[in-house]
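Colleague: Got a structure for you, questions after.
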Amino acid sequence: MDNKDECCSTHLIDGDGMFNVAGVENFMKEVKLAECGLSYAVVSIMGPQSSGKSTLLNHLFHTNFREMDAYKGRSQTTKGIWMARCAGIEPCTLVMDLEGTDGRERGEDDTAFEKQSALFALAVSDIVLINMWCHDIGREQAANKPLLKTVFQVMMRLFSPRKTTLMFVIRDKTRTPLENLEPVLREDIQKIWDSVPKPQAHKDTPLSEFFNVEVVALSSFEEKEEQFKEQVASLRQRFFHSIAPGGLAGDRRAVVPASGFSFSSQQIWKVIKENKDLDLPAHKVMVATVRCEEIANEKYVSFTENEEWSQLEEAVNSHSVRGFGRKVSSILDACLSEYDVEATFFDEGVRSSKRKHLEEKLLQLVQPAYQSMLGHIRSDAFERFKEAFEKALKGGKGFALAARECADSFMTHFDEECSDAIIDQAKWDSSRVKDKLRRDVDAHIAEVRSAKLAEVTTLYETKLNEALAGPVEALLDGAGDDTWPAIRKLLQRETDTAVSGFAAALSGFEMDEESRDNMVLRLKDYARGVVEAKAKEEAGRVLSRMKDRFSTLFSHDQDSMPRIWTGKEDIRAITKTARSASLKLLSVMAAVRLEDESDSIDKVLIVALVDGKAGASSSKSITSVDPLASSTWDEVLPSKTLITPVQCKSLWRQFKTETEYVVSQAIAAQEASKRNNNWLPPPWAIAAMVILGFNEFMTLLRNPLYLGFIFVAYLLFKALWVQMDISGEFRNGVLPGLLSLSTKFLPTIMNLLKRLAEEGQGVANGQPQANPALSSKSFRGSTNDHGDVSTSGTSEVTSENGTEYSSSSLHDKAQ
C-alpha cells in the first residue's frame, strides 16, 4: 500500500503469521511514534470476511487500506494484519486492519490464525471495533461469539488485565431501532463472559473491569452511501482525544510507552503463536446451531411476507386498529408453531435458544407497530381530553374540578384501549406510554392553568393601573400636605377592592394557601409599583410642574382671574407665596411616602432654600454644613428617594433662574402702570398754579366769553386726546410716546378740520342743524378689582350729523 497525505501504513503480520519487525521499526520512525510517550492510542477492527472492515476504516480514519472490488466477487482482500496511522486525529492514533474471519480461503479447519489475530488485537488495542451485520445479532456464530469466548478466557490467563473498549459496529442497520438491538447484543456479551471459566483471582470480576462495551449502528454503504458517510463522520468525532478522561479509552490501564510498542507487540504475538489451548464448539452443537438458524430465518422471512401482517403494519402507521393485539398474537403463534414442528429433532438447548431468539426478533419487528398503536391511543386520548377540558371550562366549572374529572376519565379510557392492543407473546408494559400521557395531560393542565392565572392577574393589574395612575397623577399635580395621605388612602381602598375580586377568582383553582398568598402579595406589590412608577414619572417632570404652579399663582388672583399690575400689588409677597407653593410641590415629589412615617424633607428644603437665603447675609461669619449637600435624605430609604437633596438644590436654582424673568416683567408692568396713572402734576404745583393764577381766574369770571372759548378748546383737546390715544402712547415710555404723537398730530388736526368743513357745508345746504361742536361724548371704562379705571380702548363721539364715531375709528380715519 502506498503512503499518501498523513496516512502511513505497513504490513504488521503477514498471512503466514510472520511478524514484520523491520517494517514496524520503519513505520515508527516515519510517524515519529517514539516522541509520543504515552499520548497515543491503538484501534483495531475484526469481523467476518468481506463485511466492509477496510471500507469502514478508510472512511472513519482517512486511511488507504485495500478494499474489495465488488464487481470481481466476494473474496479475501486483507491478509494478515495491516497497521496505519489515522489522518487528522489527535492524539496519534494507530489502526490495525485484521484479516476477516470465516474466509473460505483458509477453510473451516484452519481457524487458529483467526483466533490468534483476534487475541492479539484485544491484547494491544485500546479500542477494538467488532464489525457485524445487523441481521446477525442474536446468532450463535455471528459477531465472532465463539472466538470472543475463547479470547476472553485465554486473555485472562496470558496477560495482566487491561481496560479495552469493545465497540460493536452494526452494519446495514434495518428499521429496528438501536435501542432494541443494543440490549440483545449486550446480553449476549455478558452471557459469553459469564460462561468463560475464570482463574480464582478473577472469579467474581465483572466484565466492566476488563472491557468497556459500546454499540453503534451504520446504514448500508451501498444502498445509503450519503447517510453512511454522515454517520461515519459523526462517529469519527468520538475518536478525537480518545484517551482523555471521558473519552472512548479514557480509563485504559497498563499502557506501554510508545518507544516500546514494537518490542511489546512482537513479544505478545510470540506468546500467542505458542499457545495450543484454543478449541471450537462441538460438531453436533455446530450443526444444530446452523440448521436451527436456517429454519428460524425462514420463519422470520415468512412472517415479514405475511399479507395479513403487512396490512396491519400499514394500517397502524396511520391510525389505531381495533383488535390489533389479538390479530398480531394469532400470526405470531402460527409462525412459532411452524418452527417447533421443523426443528423438533435438533439439540434441545440449541433449538430452544434459537426459538427464543426468533421470538425476540419477531417481537422486535412487531414492537414498532405496537408502539405506533400505543402512540395513536395516547394522542387520541390526549386530543379528546383537551376538547373536553376546554368545554368544561367554558361551561363555568371550576378549573381544578374540571381538570381532575377530565384527567381521570381519559386515563381510564386509555387503559381500556391499551388492553385491546396487548400481544400475548410479549410482556410489554404500557406504563411508559401511560406516564407520557399523564405528563402530557399534567403539562397541558399546567399550561392552561398558567394562562388562566396570567389572564386573571393581568385583568386585575389593568384595573389597578386604571384606578391608580390617573388619580395619583392628579394628586401629585396638586401637591400639598395631604397629598401622600390621600394617595395612601386611595392605594389601600383600590388594593382592597382588587384583592377581594382576585381572591374570589382564584378560589376555583384550589390553590394551596401559600401560593394564593404569594399571588395576592404580588398583586399588592404591583399596586405599589404603579404608584411608585407614577411618582417617578412625575418626579421627572417636577421642574415643569413647579414652573406651572408658580405661573398660575403669580399671574392669577384668588378668583383665578389674570392679574392686572396696577401698582398696588405686593409683588414680593405674591412671589414668595408662589415660590413656597412650588417648593411644597418639590418636597412632595422628593420621596415616595407609602408608609405612614414622618420625615423632615419639607423643613430641610425651607431652611436651606428659603430661610437660609434670607439670613445668609447676616451670618456670613458663621460656618455651617449645607443640609442639601448629600445624596440621601434622613429617615428616608434610598429606594424610596425620587429626588436627592443635591438634585433638589440644582432644580431650585434652575427654577429660580427661569422664573425671575416673569417677576421682573411684572415689576416693569407695575412701574409702567404707575407712570401712566400719575400724569397730573404734583399737589404743590397745583397749589402754585392756583395762587399764581388767581388774577387770571378772576378775569375769566368777569368775562364769560373766555369760559365759552375755553370750553370749546377743552372739547377740541379732548377729541384730540381720544383720537390720538395719548395715554396709551405714553404707556411704553415718554420718548416713544412723543415720537408717535409727532407723526399723528398733523394728520389728526387735518382730519378734524375736514370733518368740520363738511358738516358746515351740510348745514348750508339745508340739512338739519346739529351742534357744530362735539355735542356729546361717551367714555366707557371699567373699574378693576383694585378700584382703578382701565379704559376699554373705545371712546364714542357724535358728530354734527348725528353719526357716532369710536375713538379707534377716528384714529383709523385720521391716519
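Colleague: For the ranges 524-536, 395-407, what's the packing order if you count other beta-carbon atoms within 10 Å of each residue, average per peptide, and put the highest first? Could the numbers behind the result be given before it?
Modeller: Numbers: 524-536: 17.8, 395-407: 16.2.
By packing density, highest mean first, the sequence is 524-536, 395-407.
Colleague: If you don't mind, another one. Filter the trypsin sites (Lys or Arg not before Pro) in the stretch 422-515 down to the DSSP loop ones having no more than 16 other Cβ atoms within 10 Å, then list what survives. Present the calculation step by step, with values, prior to reporting the outcome.
Modeller: Working: sites: LYS427, ARG432, LYS434, LYS436, ARG438, ARG439, ARG449, LYS452, LYS463, ARG488, LYS489, ARG493; in loops: LYS427.
Sites meeting the loop and neighbour criteria: LYS427.
Colleague: Sticking with this structure for a sec: Let me know the Kirkwood hydrodynamic radius for the stretch 481-598, please, with Cα pairs as the basis and the value in Å to one decimal. Before the final figure, lay out the partial values.
Modeller: Numbers: mean 1/r = 0.0569 Å⁻¹.
After inverting the pairwise mean of 1/r, the radius is 17.6 Å.
Colleague: Same structure, new question: Would you mind checking the pairs LYS394/LYS536; LYS115/LYS173; LYS361/LYS436; LYS452/LYS534; LYS394/LYS489; LYS32/LYS149 and listing those with alpha carbons more than 30 angstrom apart?
Modeller: Going by Cα-Cα distance, LYS394/LYS536; LYS394/LYS489; LYS32/LYS149 fall outside the 30 Å limit.
Colleague: Let me have the relative contact order for the stretch 373-435, percent, based on Cα pairs under 8 Å that are six or more residues apart.
Modeller: This gives 48 percent for the stretch 373-435.
Colleague: How high is the FRET efficiency between ASP517 and ALA201 when r is their beta carbon distance and R₀ equals 56 Å, given to the nearest 0.05? Present the calculation step by step, with values, prior to reporting the outcome.
Modeller: On the way: r = 66 Å, r/R0 = 1.17.
The calculated FRET efficiency here is 0.30.
Colleague: Moving to a separate point now. Quick one: which residues, 5 or more positions from GLU214 or on another chain, have an amide H under 5 Å from its amide H? H modelled 1.01 Å from N in the peptide plane, none for Pro or chain starts.
Modeller: Amide H to amide H, under 5 Å and 5 or more residues apart or across chains, GLU214 pairs with LEU166, MET167, PHE168.
Colleague: In the stretch 405-504, if the dipole is taken from +1 on Lys/Arg beta carbons and -1 on Asp/Glu beta carbons about the Cα centre, which of PRO485, SER409, THR457 is farthest to the positive end?
Modeller: In the stretch 405-504, that residue is PRO485.
Colleague: Tell me the volume per residue, in Å³, of the convex hull enclosing the alpha carbons of the stretch 420-531.
Modeller: Taking only Cα atoms, the stretch 420-531 has a hull volume of 107 Å³ per residue.
Colleague: Compute the relative contact order of the stretch 494-621 as a whole-number percentage, counting only Cα pairs closer than 8 Å that sit 6 or more residues apart in sequence.
Modeller: 21 percent
Since every read-out is calculated from the coordinates, none of them should be taken as a lab result. Computed from a prediction, not measured in an experiment: that's the story for all the values here. No Cβ is skipped: glycine too gets one built from the backbone with ideal geometry, and neighbour counts run over all protein chains shown.
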